[in-house]
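These notes are about the structure you will find just below.
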Amino acid sequence: MDCLRFKLYTPTGIFKNPLSIKGIEVYPLPPYSTIIGLIYKAMGKKWNKEHFQISIQGDYEAIYRDYVWFKKYDGRKKKLDKLPLQVPILYNLTLLIHIMAENEFLDQIEKALKEPKEVLFLSGGEYPVKVEEVKRVSCEKKRISEEDDITPAYNAYVPKHHLENINTTDKGILFNLSYFYKNSNKYATVHKYATVNKPKTYNWIDAYYFQKGTYIYGSLMFDEDENPVFLTDLDSDILVEKEQRKQGVCHGSDANEYIRFYSENWLMASACVGVLKVLKKQGEKIEDFVEEKTLKIPKDLWEKLPEAYADYLINDKETTKKLLDDVYKQKGDNINPYNTLIYTKLIDFHSNSPFTNQSHNYIKRLKGVYSENIGEVVKQVKESFLEAYKKLLTISKNISEICFFCHKRQAKNIVDATNFTPLFSSLDTVKNFIWDPIPICKECEFLLYFASAGFYKSGGKYLFVYIPDNLLETYGLNLVLSTEEEVEQDKLGKIWSVVKHVLGLETQKSSWILQNIYFVEIEMVGNATANIYSFNISPTLAEAIRNLINKYPKNLQSVFSDFLFYVYTGKSLYEFLLLLISGFIKKESYKNLEVKTIESRIIQAGRKLDYLSKNLLFFIKFQEVLNMSEQKNIDWAFWEGKKLKGFYTKDPNKEKKLEPLIYRLLEAIRRKDKGYFIHNLIRAYLEVEREIPYVIKESLDDKNFNMIAYAFLIGLNSEERTEEAQVKNEENITESA
Ligand SMILES: [Zn+2]
């Protein structure tokens, strides 16, 4: 048996599905369709229903998460908007590809890859891809015993059917990957924008991602250089699906019992977590509904889900009574209990939807409805909710596609702003940054409404933690966020407890998973606009947390979660420190400050300090670990600052000059003006008739300026004369806090 083998090299790669919601669904290796697309580009021709077998393996040097700008066209304003999304980017990626097909066809591919008709790119890559070592290799099957198990040199996709014949030490991560196009390629034009790009429908196959170094044995195929080859199997992947489609079977034999959803991206995962929360509240054993990344809901339970969701949103009787009473006191007959109990909880993620659009009679008719009999009011609200659900089911477009989210059911609609407002836009007014319309089935459409329950809401922000390989774990971590009883967590910041858990996963998870566990934060900034941030725990952040977090100043617990926010979003802790010190130094000018933002909260925390102590050097040290700079001792700069203060306070005539000096040094730091800082230092030492310490002059170079200047300024504002007294005072602060 002959295969065509070639290598691809690219400096950067981001792998999304051809139809994927950009940035939220990425893979550690390109999906099959990307490689197929590249081959046809090289041949300079269109796919004509040919099928061949593919094996994809690869390795990369590093993963970085970086912002990628996605464009969104505003049809009304006639301008391009940009939406920043953070995605993992694979650096210095090499791929090892094997293709098996008829000899004649392999000849064509070989020729095309050696002399491509176009410059070739891998999806999302900025740089052309380099094709190397295109060559025919012979392949053969071998039986590998357990004692002789192999460890592949590359990460690999292993199509599911291989697992019948091989054993592995690692479980692998299941992906549902796009493959060849389906034959039917027609698309009903549902909207004026939908005709811009003709969407394509793919076949999807299940494959496990195994990292290099995993031990494998069993029946394996090798090429002549002893590389294992994990080919897709045409028969099982394509023909079985055809057969199923013919019989109208959706997913194996249990399709009649279960409705299935895949949490392949954070959006769908948040919806699945929402459903699990609702079911848990109903007293269901939720473990029964989860298989790895799949949520499977028994059909009879699915029928009851709308009502269960209404119950979940409306909450318990006591809370509801209090809520409605309060609103009635404020608004009187202008009360609308539907809006109080349902609308407010869904509007941010589902504006203008059947559940939130005020023009629908089932919402309008509840205006002014209020009575002492809360049970009756709630009953009417629930009825309206169920009518909204019925309304949702009637919205149906003539679409020939399969649903993008489940890859199985017939789509009935195209995704728009009502499905998830922060990410999508209305097709009537704004062209989506997703250029291809995304078809969605009714089941997945309703499921997305549960994202409102999946995210944890705090202030105007929503937070969700996503673990790519395990839905139950994702549920568990998000539960930690939304558990309200645990007071201890509030004190430390809820995120922190999640971070600790994530750090704990380090030994069990592959590095790809670890780099892709991330927090999604959605901040509503308008009725239908939102900022979406995501942050993950990078290896340097993990190191900083592990080594230093115990030294976090105990008297600054009130801003611990703000500290974490700075760290996760990559904001500099020097900025954090500047706010803190400004609050301390300019207590008077901030006395009317309203605490509304993170920044004002940090300033406020600074105002409350009686003096600055050495424990603030924590922020400098933490930042320097994140900067991956060489660890330096900066304590001496603190003590020099403190010594200078001593010279000033000894002499009552000079003492009053200390405050203006502190102001000027703070200003120099704020402006990052090294010259001004040094100028003021020289003046200060002249003032107290001392020589400026040699170490300060030596160390204040560009690289160290922040480190030394902040440490010095903290020292200049500190109190005790000896280190022991300092430590003692910190302990007192901790006790009284
Ligand atoms: Zn679907």
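The values are calculated or read from the model by the stated rules, or taken from the named source; none is laboratory data. No experiment lies behind these values; they were computed from the predicted model shown. Note: ideal-geometry Cβ built from the backbone for every residue, glycine included; neighbour counts use all protein chains shown. Remember, those area values only see protein heavy atoms, side chains included, never the ligands or the DNA or RNA. Shrake-Rupley method; radii C 1.70, N 1.55, O 1.52, S 1.80 Å.
The tail of the calculated P(r) for region 560-715 beyond 18 Å holds 59 percent of all Cα-Cα pairs.
Computed from the C-beta positions of Y590 and Y64 and an R0 of 45 Å, the FRET efficiency is 0.75 to the nearest 0.05.
Computed over protein heavy atoms with a 1.4 Å probe, the carbon and sulfur contribution to the accessible area of region 509-595 reaches 48%.
Between K654 and K304, the distance separating the two model label sites (each 7 Å from Cα on the Cα→Cβ line) works out to 8.1 nm.
Heavy-atom accessible area with a 1.4 Å probe sorts I144, I440, largest first, into I144, I440. The packing ranking of peptides 366-376, 638-648, 94-104, highest mean first, is 638-648, 94-104, 366-376, where packing means the average number of other beta carbon atoms within 10 angstrom of each residue. Taking a ≥ b ≥ c as the square roots of the eigenvalues of the Cα gyration tensor, region 502-636 is classed as oblate, since a/c reaches at least 1.5 and a/b does not exceed b/c.
In Å², and per residue, what accessible area does region 605-682 have when probed at 1.4 Å with the other protein chains present?
With the other protein chains kept in place, region 605-682 gives 49 Å² per residue.
Ligands, DNA and RNA left out, the 1.4 Å accessible surface of region 329-387 is 46% carbon and sulfur atoms. In terms of overall dimensions, the C-alpha atoms belonging to region 560-617 reach 31, 28, 15 Å along their principal axes, ordered largest to smallest.
I'd like the FRET efficiency for E115 and L234, computed as 1/(1 + (r/R0)^6) with the beta carbon distance as r and R0 of 25 Å, rounded to 0.05. That pair, E115 with L234, gives E of 0.35.
For the pair region 635-660 / region 679-715, the C-alpha centres are spaced 12 Å from each other.
Based on the reciprocal of the average 1/r between different C-alpha atoms, the Kirkwood radius for region 437-477 equals 12.0 Å. Accessible surface of Y590, taken over heavy atoms with a 1.4 Å probe and every protein chain present, rounds to 60 Å². Across D223, D149, the residue with the most accessible area heads the list, and the full order at a 1.4 Å probe is D149, D223.
Shown are D562, D148, whose ranking by accessible area with a 1.4 Å probe and every protein chain present, most to least, is D148, D562. What figure, in Å² to the nearest 10, do you get for the accessible area of M221 with a 1.4 Å probe and non-protein molecules left out? Spelled out: M221, probe radius 1.4 Å, area about 20 Å².
Exposure check, 1.4 Å probe, all protein chains in place: R690 carries approximately 110 Å² of accessible surface.
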